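Working notes, beginning with the structure itself.
Readers should treat all values here as calculations from the given coordinates under stated rules, not as data from a laboratory. Being a predicted model, the structure only gives us computed values, none of them experimental. With ideal geometry, Cβ positions are generated from the backbone for all residues, glycine too; neighbour counts draw on all protein chains shown.
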Amino acid sequence: MGLYQYFTIGWKTVILYLLILVIFRLMGKREIGELSVLDLVIFIMIGELAAVAIENHAEPIGHTILPMVILLGIQVFFALISLKSPTFRKMIDGTPSIVIRKGKIDEKAMKRQRYNFDDLLMQLRQKDINNIADVEYAILETSGELSIVKKDKKKKQKQVFTLPFIVDGEISHENLANRKVSEMWLRRELRKRGYSDINQISFCSFQDGEFYIDLKDELE
């Protein structure tokens, strides 16, 4: 391999490195552990394109840049749809699963996620929890991360975590069922507080006997 080929590999590597940095920056600020399936697929494909382009130094770099830009466009387009459509977001990212509920393990939820007891115990140890009896709730997030709500032993009462009843104007019937309340109850309580149009509510949750309600575009 001659000097020119080494030079070609070098400048291609630098250009692709800078391009990938720009692409990842445009894709938004998300930690590696928080990547969605869509993000992960895009990252893998871009990485493969860059590796092939560096190895095939005779191939014009434009043949690599074009598909990278197309992949970026796909990711940004889907991200915008996800912001507007909770249904699409749920289809792409999935939803969190409660694997420990009120101190009891939900085996059905674990089976649906193909999540076994070894996985559960390992992630509990990573959270410095050695006794599963100390856990009130364990939520398997869409990223695969396990979120923990511990039992409050001092107050001798069970803790709860935030479950949104409304997100982007859409009611979460699953979360209503988890809290054992109905849509009729929710609508009645919201009307008492002056909120008659569900579509105008960006986020609504009910915790510790209090509602948290945020309307769309309140900061504009």
- Where in the stretch 8-27 does the amide nitrogen come within less than 12 Å of the point 7 Å from the Cα of Ala79, taken along Cα to Cβ? 22-27
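Which of the three applies to the stretch 23-129, rounded, prolate or oblate, going by the alpha-carbon gyration tensor with a ≥ b ≥ c and a/c under 1.5 meaning rounded? Numbers along the way, then the final one.
Working: a/c = 3.25, a/b = 1.99, b/c = 1.63.
Judged from the Cα gyration tensor, the stretch 23-129 comes out prolate (a/c at least 1.5, a/b above b/c).
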- Query: Roughly how tilted is helix 183-192, in degrees to the nearest 10 and between 0 and 90, from the longest Cα axis of the chain?
  - Reply: 80 degrees
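Find the relative contact order for the chain and round it to a whole percent, using C-alpha pairs within less than 8 Å whose residues are 6+ positions apart. Please report the intermediate quantities before stating the final value.
On the way: 219 pairs, mean separation 30.1, N = 220.
Computed over the chain, the figure is 14 percent.
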- Which three lengths, in whole Å and largest first, does the chain cover when its Cα atoms are put on their principal axes? 74, 46, 28
- Task: Specify the angular offset, from 0 to 90 degrees and rounded to the nearest 10, of the alpha carbon long axis of helix 117-126 from the longest principal axis of the alpha carbons in the chain.
- Result: 80 degrees
- lysines with Cα under 22 Å of Lys151, excluding same-chain neighbours fewer than 8 positions away: Lys102, Lys104, Lys127, Lys180
- Nearest 10 degrees, 0 to 90: what angle lies between the long axis of helix 37-55 and the longest principal axis of the chain (Cα atoms)? 10 degrees
- What net charge do the residues around Pro67 carry, taking every other residue with its C-beta under 14 Å from that of Pro67, with Lys and Arg at +1 and Asp and Glu at -1? -2
- Message: From the helices alone, meaning DSSP H stretches of at least four residues, give me the mean residue ellipticity at 222 nm for the chain, per-run term -39500 (n - 2.57), in deg cm²/dmol to the nearest 500.
- Response: -15500 deg cm²/dmol
- Rounded, prolate or oblate: pick one for the stretch 102-195, where a ≥ b ≥ c are the square roots of the eigenvalues of its C-alpha gyration tensor, a/c under 1.5 means rounded, and failing that, prolate if a/b is larger than b/c, else oblate. prolate
